[in-house]
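**Q** Sending over a structure as structure tokens; questions will come in a sec.
Values in this text are rule-based calculations from the coordinates and carry no lab data. Computed from a prediction, not measured in an experiment: that's the story for all the values here. All Cβ positions, even for glycine, are placed from backbone atoms using ideal geometry, and neighbour counts span all protein chains on display.
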Amino acid sequence: MSFIRRLSIIIPVYNEENQIGELLPKLFSLKLINEIEKEIIIVDDASDDNTLSVIKSVVASYPQDVVKILEQPYNCGKGAAIQLGIEHATGEYLIIQDADNELDPNDINDLLKPVVEGFADVVVGSRFLGNKPRRVLSYWHMKGNKLMTWLSNLFTGLSLTDMTSCYKLIKTSLAKRLYLQENRFGIDPELIAKIRRFPNIRIYEVGIAYYARGYQEGKKIRFLKDGFRQMWVILKYNIFCRKYEK
């Protein structure tokens, strides 16, 4: 068994005024297994809508929770927001939570189980495992995810089914040692490429629900632009730039 007193939940946010007000109450009401405490770290990436006002309004309603609101001076990207959140994390473990309501916070307890039982250092949530609800994606979107995961596995030697999943539960002491450089969506393949290099690292995968939204509903990642960037990131950090620790 592994003792975990606190879990840091890092939420990178950019222009999510219509979603963040629904997500945060779910996180505040979430009861973690083994009476683990929550530390919620919200990183606003210089939103230019009412996102920050909504965040502060909701947080004010939950004064009993440990919450840190960090503000980027300008729009730096999801990866940069995650890196800032890692710097401020104080829990024994941390997890990344998107602000777009595509993932169910209740699944966090499923990701925690392999850790509290003493089996895992890292747990990745997979949208393609198990029988939980998953919105049917377009054929090419699904194939793009599968391609990125296959290419990442080819170089890391892992057998993940969903490398691009947001839900990544990581031992904080390891996360703080990582030398991270990607400021946008390339952070996902970079994390996997560099975490994999720690000796004797124990990585698990757990099925999660996926309530995907379309581009017309505010989805920000772009299939071609960000997809090609992720392909380059996989090659870059597995072949050319192999430094993984600070």
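**Q** Please list, in chain and number order, the residues 5+ apart from Ser126 or on another chain whose amide H is under 5 Å from its amide H, with Hs placed from the backbone.
**A** Hits under the 5 Å cutoff: Val206, Gly207, Ile208.
**Q** Now for a different question. Among Asn101, Val58, Phe28, which residue has its Cα positioned farthest towards the positive end of the charge dipole of the chain, with +1 placed on the Cβ of Lys and Arg, -1 on the Cβ of Asp and Glu, and the dipole taken about the Cα centre?
**A** Looking along the dipole axis, the top candidate is Asn101.
**Q** With +1 on each Lys and Arg Cβ and -1 on each Asp and Glu Cβ, how big is the dipole of the range 6-240 about its Cα centre, in debye rounded to the nearest 20?
**A** Numbers: 30 positive and 29 negative charges, 187 e Å.
The calculation lands at about 900 debye.
**Q** Taking 7 Å along the Cα-to-C-beta vector as the label spot, tell me the Arg177-Ser57 distance in nanometres, rounded to one decimal.
**A** About 4.4 nm, to one decimal.
**Q** Taking only the Cα atoms of the range 6-240, how large is their convex hull per residue, in Å³?
**A** Residue-normalised Cα hull volume stands at 120 Å³.
**Q** Given R₀ = 35 Å, what would the calculated FRET efficiency be for Ser29 paired with Arg242, taking r from the Cβ atoms and rounding to 0.05?
**A** Working: r = 43 Å, r/R0 = 1.21.
That gives a FRET efficiency of 0.25.
**Q** Pop out the ³J(HN,Hα) list for the range 188-200 in order, Karplus 6.51 cos²θ - 1.76 cosθ + 1.60 with θ = phi - 60°, rounded to Hz; leave Gly and Pro as x.
**A** Computed from phi, the couplings for the range 188-200 are 5, x, 5, 4, 5, 4, 8, 4, 4, 7, 5, x, 6 Hz.
**Q** Among Val123, Val136, Val206, which one shows the biggest mean-square fluctuation in a GNM of the chain, springs joining Cα atoms closer than 10 Å?
**A** Of Val123, Val136, Val206, the Gaussian network model singles out Val136 as fluctuating most.
**Q** Next up: Using θ = phi - 60° and the Karplus relation 6.51 cos²θ - 1.76 cosθ + 1.60, list the HN-Hα couplings for the range 230-246 in order, rounded to whole Hz, with x at every Gly or Pro.
**A** Listing the rounded values in order: 5, 4, 5, 4, 4, 5, 4, 8, 9, 10, 8, 10, 9, 5, 10, 10, 5 Hz.
**Q** Okay, next question. Rank Gly125, Gln181, Leu154 by how far each Cα sits towards the positive end of the charge dipole of the chain (+1 on Lys, Arg Cβ; -1 on Asp, Glu Cβ) and give me just the farthest.
**A** Farthest towards the positive pole: Leu154.
**Q** Short version: ³J(HN,Hα) in whole Hz for each residue of the range 134-148, in order, from phi by Karplus 6.51 cos²θ - 1.76 cosθ + 1.60 (θ = phi - 60°), x for Gly and Pro, what are they?
**A** 8, 5, 5, 8, 5, 3, 6, 5, 5, 4, x, 4, 5, 5, 4
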